[in-house]
Amino acid sequence: AQKVTQAQTEISVVEKEDVTLDCVYETRDTTYYLFWYKQPPSGELVFLIRRNSFDEQNEISGRYSWNFQKSTSSFNFTITASQVVDSAVYFCALSGNSGGGADGLTFGKGTHLIIQP
Amino acid sequence: AAGVIQSPRHLIKEKRETATLKCYPIPRHDTVYWYQQGPGQDPQFLISFYEKMQSDKGSIPDRFSAQQFSDYHSELNMSSLELGDSALYFCASSLETETEAFFGQGTRLTVV
């Protein structure tokens, strides 16, 4: 069975601070995919990143960066110089590879990020 | 760019009624997923389709059924609605089964 743990239920920081959202996963699949999604107050789920299990390179996209460490089964997400518009619930998710099927995502419980002006 | 279209956006039904949610994937996407997100909860995977065939099944109740049509749109049929079915229902689509899935804006179902 797959599992995603986001231990931080809620984080509150002041604007311009850096913040890291933690994600730890469990899977028996040798090939799998990790995702981060953002869910702002309006409710939609916005895709941020997908990483496959064979690519451990860290990635940076503007103020966002991701640290994938297979050895600790973690896929952490850092926002640098946070802004009020970053306030949202952030979900980490995992998808296995059952041999070509359209596997559904297993989501963590989400981290509610509050950026205070 | 075209996104995933879900209709209706909001739906109010009474207990024991039926509901049908529709999903129109991004053009050329051949894979559709359905998720249910209760208030304050994470999205739960219900079911997926690839090339009009059911591909993976999650925690979809027996009262629910879904299918993908020849034009790749999908419908989620929900019968004998219960108060606990009140949730945000997301559809997502992807091109083939191993690329990122993009979500629609969701259908908010309220059962009264």
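The values are calculated or read from the model by the stated rules, or taken from the named source; none is laboratory data. All values derive from a computational prediction rather than experimental measurement. Neighbour counts are summed over all protein chains in view; Cβ atoms, including those assigned to glycine, are modelled from backbone coordinates with ideal geometry. For the accessible areas, the whole protein counts, side chains as well, though only heavy atoms, and no ligand, DNA or RNA atoms are used. Shrake-Rupley method; radii C 1.70, N 1.55, O 1.52, S 1.80 Å.
Can you confirm whether the stretch A:45-59 contains a residue that is more than 14 Å from chain B (Cβ to nearest Cβ) and at pLDDT 95 or above? Write out each step before concluding.
First, pick out the residues of the stretch A:45-59 that are more than 14 Å from chain B (Cβ to nearest Cβ): A:56-58.
When the remaining residues are screened for being at pLDDT 95 or above, the result is none.
No; the residues of the stretch A:45-59 include none that is more than 14 Å from chain B (Cβ to nearest Cβ) and at pLDDT 95 or above.
Name the strands (runs of 3 or more DSSP E) wholly inside the stretch B:40-84 in which the number of residues that are open to solvent by 80 Å² or more (accessible area, probe 1.4 Å) is 1 or more. Result: B:44-50, B:53-57, B:64-68.
Tell me, please, whether a residue that is open to solvent by 20 Å² or more (accessible area, probe 1.4 Å) and either within 14 Å of chain B (Cβ to nearest Cβ) or at positive phi (or both) can be found in the stretch A:63-71. Talk me through it step by step, then tell me what you get.
Restricting attention to the stretch A:63-71, the residues satisfying the condition of being open to solvent by 20 Å² or more (accessible area, probe 1.4 Å) are A:63-65, A:67, A:69-71.
Next, from what is left, pick out any that are either within 14 Å of chain B (Cβ to nearest Cβ) or at positive phi (or both): none.
No, that holds for no residue.
Is it the case that B:GLY3 is at the interface with chain A (Cβ under 10 Å from one of its Cβ atoms), open to solvent by 30 Å² or more (accessible area, probe 1.4 Å) and either at pLDDT below 95 or within 10 Å of the chain's Cα centre (by Cα) (or both)? Considered against the rule, which asks whether it is at the interface with chain A (Cβ under 10 Å from one of its Cβ atoms), open to solvent by 30 Å² or more (accessible area, probe 1.4 Å) and either at pLDDT below 95 or within 10 Å of the chain's Cα centre (by Cα) (or both), B:GLY3 comes out as yes. Criterion first (surrounded by fewer than 17 Cβ atoms within 10 Å (Cβ to Cβ) and within 11 Å of another protein chain (Cβ to nearest Cβ)) does A:VAL84 satisfy it? No: the conditions fail for A:VAL84.
Residue check: is A:GLY43 surrounded by fewer than 16 Cβ atoms within 10 Å (Cβ to Cβ), closer than 23 Å to B:GLY104 by Cβ and free of Cβ contacts under 8 Å to residues at least 24 places away in the same chain?
Values: surrounded by fewer than 16 Cβ atoms within 10 Å (Cβ to Cβ): yes; closer than 23 Å to B:GLY104 by Cβ: yes; free of Cβ contacts under 8 Å to residues at least 24 places away in the same chain: yes.
Criteria met by A:GLY43.
If the condition is being facing another protein chain (nearest Cβ under 9 Å) and among the aromatic types (Phe, Trp, Tyr), then the stretch B:16-72 contributes B:TYR33, B:TRP34, B:TYR35, B:PHE45, B:PHE49, B:TYR50.
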